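The values are calculated or read from the model by the stated rules, or taken from the named source; none is laboratory data. Quantities reported herein were computed from a predicted structural model and do not represent experimental measurements. Counting neighbours? That spans all protein chains shown, and the Cβs are built from the backbone with ideal geometry, glycine included.
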Amino acid sequence: MMKFERYEWVAITIMISLFIFVGFIQGWSVSLVILNMCIISAIMTMGVNISWGYAGVINFGVMGFLAMGGLAAVIVSYPPITESWQVGGKGLGISFILLILLVISVMFISKNIKQKRNRYLLNSTIIIFGIIIIRHFYLNATNNIENVNPAIAGFLGGLGLPIIFSWIVGGFFAAGVAFIIGKVALGLRSDYLAIVTLGISEIVVSVLKHEEWLSRGVKNVIGLKRPVPYEINLQTSDWFINLITYLNSYKLNKVSNINERQEILNNLIIDGSGIFVKLSYAVLFLIVMFIIFYFANKAQLSPWGRMMRAIRDNETAANAMGKDVVKQHLIIFVIGAAIVGVAGAMLVTLDGLFTPSGYRPLRFTFIIWIMVIVGGSGNNLGAIFGGFVIWFAWIEAAPLTTFIINQLTLGLEPNNALKLHLLDSVPYFRYLFMGLILLLILRYRPKGIIPERVRHS
Amino acid sequence: MIDFLNSIVVLLNFIIIPGISYGSQLALGALGVTFVYAILRFANFAHGEIMSFGAMITILFTWFFQSQNINLGILPTALLALPLGILASIILCIISDKFVFQYYRYQKSVPVVLAMVSIGVMFVINAIIRIVIGTETIKFSDGQKFLMKAKQFKVMTGLNEGLALKSSQVITILITIALLTFTFWFLQKTKTGKSMRAFSDNEDLALLSGINPDRVVFTTWIIVGILACVAGTLYGLDKSYKPIIYLNLVLPIFASAIVGGIGNPFGAVIGGYVIAFSEIMVTYAYKKFFVYLLPGPLEPSGLVQLLSTDYKFAVSFSILVIVLLIRPSGIFKGKVL
């Protein structure tokens with residue numbers, strides 16, 4: 001097991017005490033909600049950190065990979081809609097097979113016809129006619145599917161498996177998309193790569209938004225099954241009531257009136273069930289986070305990790321030493337994206353709903369990057385720390401701003417126009433904080449709060 | 001013959017005129033991005049927000065003028081406020097350079113770090129805009145809305161199809177022509193422009209021959225401020241002003257700049273039009289056009305639409321990806337890469 005430095009212990013202590021602090025001030029429920037999102041953010045950040053921190057491969061497609069993870073959650077857990085399959089399954093199957101045939105024939109032509117003009121001509125003819133034929137089958141099928149009970153269904157549904165499997169499937173989905181993107185774009189210079197991955201992630205999200213047969217599009221998928229018990233079931237199960245009674249026995253014994261006691265117990269059970277659900281999520285997420293953290297650290301310390309650092313620090317030299325830079329870049333890009341995909345599936349699991357229009361680059365790409373930069377690229381603990389601190393700041397910015405504005409405008413009248421306007425725009429101050437944090441860190445601590453450890457071995 | 005004319009009018013009304021005006025807005029934006037890329041050598045993610053900021057200041061002054069009953073008759077009042085908006089965005093650019101970008105330039109940081117820094121700047125400007133003006137959609141065009149209404153055109157020519165000409169479209173096209181002429185004249189003919197080109201071509205050589213880098217950078221930010229504010233205001237005038245739109249607009253703008261060959265001003269302009277026209281042409285339903293052009297039995301039954309309009313933004317990135325695959329340096333060879 002790795003040993004932490006002293007300042008790393010300080011960071012861990014700060015993280016834990018933040019949640020205890022919020023727990024006492026704003027209540028344990030709020031604290032756990034923030035904690036769950038922090039853990040998911042930390043996993044996303046580790047994913048980006050692996051490609052950027054280890055190998056210097058930039059990945060601005062976070063939003064797209066998260067969305068792929070979310071799609072996996074829908075496809076794995078939603079019960080199948082047989083009617084949709086009956087009306088549209090065949091058409092979709094045919095168009096899918098035709099698409100594969102089209103790709104194969106284009107590849108075949110590109111390989112075997114040497115003359116450039118003939119090759120272009122033949123390829124473009126095949127592609128145009130192929131697309132027209134495929135569109136015919138495809139549009140028919142998708143229209144049929146979308147017409148199946150559009151108010152509650154209108155898409156293919158999923159496999160009806162427990163949603164927890166989707167965390168793995170989500171990783172594979174994101175990895176698949178990342179493989180295609182990597183094949184296309186990884187040869188580009190870093191800032192071009194940033195723009196291209198950002199653009200492709202927008203394409204991924206717009207496909208999910210508008211292909212209703214697949215993801216229900218902007219109509220959203222709601223009511224995904226949870227991996228943890230529901231509050232309502234907990235409140236009626238004996239063991240949970242006994243547990244709450246046991247935990248609060250001291251408090252309850254002080255109340256002598258039996259009716260009053262029952263009422264207090266009921267309230268405690270309602271509160272407790274909410275906290276129990278969030279706590280079980282937190283435990284599941286923490287397990288995933290520790291697994292990823294463990295393997296990420298192992299990989300970083302392994303010869304492979306050393307090779308990655310060599311490639312990052314001097315590509316030319318690494319290439320001269322016989323390392324296949326292009327292949328390694330692709331591998332690490334795919335691994336990073338897969339971890340982000342896992343986080344995406346977990347995010348949808350936590351919310352219990354999939355809203356494709358909710359994926360916006362500001363929230364799901366740039367904030368994650370701020371987490372990476374602030375935490376410290378190249379250090380997994382730093383990534384976790386960045387995820388925790390930035391998400392915490394993102395949530396707690398609003399109450400903090402309200403407090404500051406109220407203090408600053410104490411002299412003004414309560415219905416002063418400026419004061420009211422400022423209080424109205426409280427939610428936007430978090431962007432200001434994020435920007436300032438990023439600028440300050442980049443200026444005064446460019447390696448992040450917990451920088452990468454320099455290894456002399 | 002009449003049918004042929006009708007089909008041409010359909011194309012003009014739904015593709016060519018909107019394409020030119022949207023393309024002009026993208027071209028001005030892409031030109032700004034390309035200037036930063038050529039001189040300061042980084043991808044400026046904050047460009048969209050600079051556009052938005054300029055448009056916001058213009059709107060604020062437009063409201064002020066409107067409340068004072070100052071207007072330009074048939075022209076939108078925003079044109080009167082535009083110089084003030086330009087001034088504000090130039091100041092914004094120079095402040096952000098002085099306090100943020102300059103440090104990294106002196107440190108000779110790698111382009112990726114500067115791109116990250118520009119994301120920080122983007123967040124800050126974004127927050128300022130939202131705090132000042134909120135996130136609501138704002139329509140601020142006044143004056144005469146149409147130069148020619150579809151009905152007038154029908155009466156005038158006797159054709160079935162109308163041709164509408166919005167004044168904002170004409171203003172966009174005229175201002176773009178004027179601004180592009182000025183920019184290229186400046187780059188080709190003036191001493192400062194020449195030193196900028198020299199600096200972008202070979203920094204060391206330019207420094208050796210006595211060009212002051214701070215002056216070049218200063219001039220660049222002034223030009224970027226002008227271009228960004230005009231592009232942002234024209235876009236807001238033509239469609240409507242909404243702070244969130246400008247973040248989405250950054251990507252087509254980057255696509256335009258890269259497609260044309262980043263670092264090459266002429267390429268950026270062409271790239272803007274390429275992206276705009278492909279976005280509109282790929283998502284337009286050609287049914288009406290073919291109904292006029294083809295004889296009865298051949299008329300199409302469907303909409304004859306390649307992609308639904310939902311994919312408008314996706315089209316520009318697809319073109320970006322295709323261009324990068326086939327010709328990584330853009331249509332006109334960019335300077336770097």
**Message:** Of everything in the range B:108-155, what is at the interface with another protein chain (Cβ under 9 Å from one of its Cβ atoms), without any contact (Cβ under 8 Å) to a residue 24 or more places away in the chain and farther than 25 Å from residue A:364 by Cβ? Give them in sequence order.
**Reply:** B:109, B:110
**Message:** Residues that are in a helix (DSSP H, G or I), of a type in the set (Phe, Trp, Tyr) and modelled with pLDDT of 85 or more: does the range A:63-71 have at least one?
**Reply:** yes
**Item:** Criterion: free of Cβ contacts under 8 Å to residues at least 24 places away in the same chain, part of a loop (DSSP other than H, G, I, E, B), more than 8 Å from chain A (Cβ to nearest Cβ) and surrounded by fewer than 14 Cβ atoms within 10 Å (Cβ to Cβ) - qualifying residue of B:95, B:70
**Value:** B:70
**Message:** Among the residues of the range A:77-100, are any surrounded by 17 or more Cβ atoms within 10 Å (Cβ to Cβ) and closer than 30 Å to residue A:384 by Cβ?
**Reply:** yes
**Failed criterion for residue A:439 (all others in (1) surrounded by 14 or more Cβ atoms within 10 Å (Cβ to Cβ); (2) more than 20 Å from residue A:41 (Cα to Cα); (3) away from chain B (no Cβ under 14 Å) hold)** = (3)
**Message:** Of the residues A:57, A:106, only one is over 30 Å from residue A:157 (Cβ atoms) and not assigned by TED's automatic domain parsing to the domain that holds residue A:207; which?
**Reply:** A:106
**Item:** Tally, over the range A:252-276, of residues that are part of a helix (DSSP H, G or I) and over 41 Å from the mean Cα position of the chain (by Cα)
**Value:** 7
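Every residue, every condition in (1) surrounded by 14 or more Cβ atoms within 10 Å (Cβ to Cβ); (2) of a type in the set (Val, Ile, Thr); (3) more than 14 Å from every other protein chain (Cβ to nearest Cβ), yes or no:
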site: A:180; (1), (2), (3): no, yes, no
site: A:183; (1), (2), (3): no, no, no
site: A:213; (1), (2), (3): yes, no, no
site: A:233; (1), (2), (3): no, no, yes
site: A:250; (1), (2), (3): no, no, yes
**Asked** Among (1) assigned to a helix (DSSP H, G or I); (2) touching a strand residue (DSSP E or B) at 6+ places or on another chain (Cβ under 6 Å); (3) of a type in the set (Gly, Ala, Ser), which single condition is residue A:160 missing?
**Response** (1)
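Residues checked against (1) among the β-branched types (Val, Ile, Thr); (2) under 30 Å from residue A:191 (Cα atoms); (3) touching a Cys at 6+ places or on another chain (Cβ under 9 Å):
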residue	(1), (2), (3)
A:44	no, yes, no
A:52	no, yes, no
A:69	no, yes, no
A:75	yes, no, no
A:81	yes, no, no
A:90	no, no, no
A:94	yes, no, no
A:120	no, no, no
A:123	no, no, no
**Prompt:** Looking at the range A:1-43, which of its residues are free of Cβ contacts under 8 Å to residues at least 12 places away in the same chain and outside any helix (DSSP H, G or I)?
**Reply:** A:1, A:3, A:27
**Request:** Could you check residue B:16 against (1) touching a residue at least 60 places away in the same chain (Cβ under 8 Å); (2) more than 30 Å from residue A:432 (Cβ to Cβ); (3) surrounded by fewer than 18 Cβ atoms within 10 Å (Cβ to Cβ); (4) in contact with a helix residue (DSSP H, G or I) (Cβ under 9 Å, 6 or more places away or on another chain) and say which number it fails?
**Result:** (1)
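Kindly provide the set of residues from the range A:336-364 that are aromatic (Phe, Trp, Tyr) and either within 11 Å of residue A:167 (Cβ to Cβ) or outside the structural domain of residue A:163 (by TED's automatic domain parsing) (or both), ordered by number. Step through it out loud before you land on a result.
Within the range A:336-364, the first condition is being aromatic (Phe, Trp, Tyr), and the residues that meet it are A:354, A:359, A:364.
Of everything in the range A:336-364, nothing turns out to be aromatic (Phe, Trp, Tyr) and either within 11 Å of residue A:167 (Cβ to Cβ) or outside the structural domain of residue A:163 (by TED's automatic domain parsing) (or both).
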